[in-house]
Amino acid sequence: MKFKHKTLLIGVFICYLAVLFYFVFFAEMLGRVNSAREYSYNLKLFSEIRRFIVYSNRLGMRVVFLNLAGNVIAFMPFGLLLPKLNKNYHHWLTMIFSSFLLSLAIETIQLITKVGSFDVDDLLLNTIGGTIGYLCLIVFEKFNLKQKGRIN
């Protein structure tokens, strides 16, 4: 990879992480600033996912989408960018583990700082998002190689 491309990717990755951490820890629209509420956490897998689906009519589709799909979508760039920056992350198992570790770090910081809430469902959704991002990268690379083969 050329130096200019790698530098650009590093810049994009740093911006992605900054935006991710902003939304996770500081976004007022997600209730991150209001510390008056009691802190909550979820250690039971699928509990919050089920709650959002069962009460989707009461909560509203925007809230359900932001929580469920938002957690997946938020980690897709991680799975797309990290393997391009470092070839050591260009394996599906490594990306699953890396996505899980980043999510665990974020959830643990939320637990310690009492911003947001620690949620094992978020760990699952974030890990799925990183994995989907990685799979998109693999599909794109295979498609790109096929296209190059047709041109040459």
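Values in this text are rule-based calculations from the coordinates and carry no lab data. Being a predicted model, the structure only gives us computed values, none of them experimental. All Cβ positions, glycine included, derive from the backbone under ideal geometry; neighbour counts span all protein chains shown.
Here are some notes:
- For the listed peptides 121-128, 81-88, 108-115, a ranking on the average number of other beta carbons within 10 Å per residue, highest first, reads 121-128, 81-88, 108-115.
- Under Karplus coefficients 6.51, -1.76 and 1.60, residue-wise ³J(HN,Hα) of segment 11-25 in Hz, glycine/proline x: x, 5, 5, 5, 4, 4, 4, 5, 5, 4, 5, 4, 5, 6, 10
- Net length available on complete extension from Glu38 to Asn86 is 13.2 nm, with 0.36 nm assigned per residue and the Cα-Cα distance removed.
- Pairs of Lys residues in the chain are counted when their Cα atoms are under 19 angstrom apart and they lie 8 or more places apart or on different chains; the count is 12.
- Between the exposed loop cleavage positions of the chain, defined as chymotrypsin sites (Phe, Trp or Tyr not before Pro) in a non-H, G, I, E, B DSSP state with at most 12 neighbouring beta-carbon atoms within 10 angstrom, the longest gap is 56-152.
- Amide N proximity, segment 123-143 versus Met61 label position 7 Å along Cα-to-Cβ, cut-off under 17 Å: none
- Between Ile96 and Ile109, residue separation times 0.36 nm minus the direct Cα-Cα distance comes to 2.7 nm.
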